[in-house]
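Notes to accompany the following structure.
The values are calculated or read from the model by the stated rules, or taken from the named source; none is laboratory data. In this text the structure is predicted, and so the values were computed from the model without any measurement. Neighbour counts run over all protein chains shown; Cβ positions are idealised from the backbone, glycine included.
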Amino acid sequence: MSERAEAVGTPVREGLTATVGTWLGECIARLAAGAQASVAAVRIRLTPAAGPAPLVAQVNAEISGRRIRVQVAAPHLNALLDRLAGRLAKCFAQASRGWSPRPWPDPEGTAVRAVPPVLPGVEPRIVRVKAPQLVWCSPAVAAMTMDAMDYDVHLFTDPDTERDAVVYRVGPTGYRVARTVAAGPPQRSGVPLTLSAHGAPRLDEAQAVERLRRTESPFLFFARPGSDRGRVLYRRFDGHYGLIEGAR
């Protein structure tokens, strides 16, 4: 690895050849130098294609003390690296100038962010469950976190209602907040938020899987029956589902 790449530390690599890992490390170092940003805790992961599923690359890092995450998918390695470099460049540019709303509609949505609704021969099921400690924060802060971590939906706890909620990417502004219980609009902020007028549906896991399977949506926000705890069922690139729920 070059001296410039060593300036950001040695990345942790998963599933990468030495050549690809070195190229990505040097790419990150060049972007850091251009943005005059410090970079630490770099982790680069490549998930190989499996059957009809695409290649998936994910980079996690700290840029000037801020946690970021970038994830892209592509059918072959050259396209994957091109997309990853482009997304990282935008991430570093935003870190240097401060947060601003992402464009909507997302100009990269079809090529980079789309998750296949159903892969041939795959019977979708929940294969991963994440149970993080949900952060209490305003919808505006949740939207900024969603952007920094390259999510299309982010689960958090809303202090105004003391209930779980999500922010997610949808029209007309690109940012919407939904809660487990219907409530009024959040306080005004610099984020162009719209409000879902309905509380989250109460579903068990089997019902949630069936509802998401019948749609082309990338995720489903719902709550446990008899509970106000929010959950997010989302599509994975391998055609199966992941589930996010707050730690109990």
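Of the numbered criteria (1) farther than 24 Å from residue 183 by Cα; (2) of a type outside the set (Lys, Arg); (3) surrounded by fewer than 17 Cβ atoms within 10 Å (Cβ to Cβ), the one residue 209 fails is (3).
On inspection, residue 69 qualifies as surrounded by fewer than 18 Cβ atoms within 10 Å (Cβ to Cβ) and of a type outside the set (A, V, I, L, M, F, W, C).
Residues in the stretch 115-139 that are at pLDDT 95 or above and hydrophobic (A, V, I, L, M, F, W, C): 126, 127, 129, 131, 134, 135, 136, 137. Residues that are surrounded by fewer than 13 Cβ atoms within 10 Å (Cβ to Cβ) and modelled with pLDDT under 95 do not occur anywhere in the stretch 144-151. Per the listing 220, 203, 233, 155, the residue uniquely closer than 20 Å to residue 60 by Cβ and not hydroxyl-bearing (Ser, Thr, Tyr) is 155.
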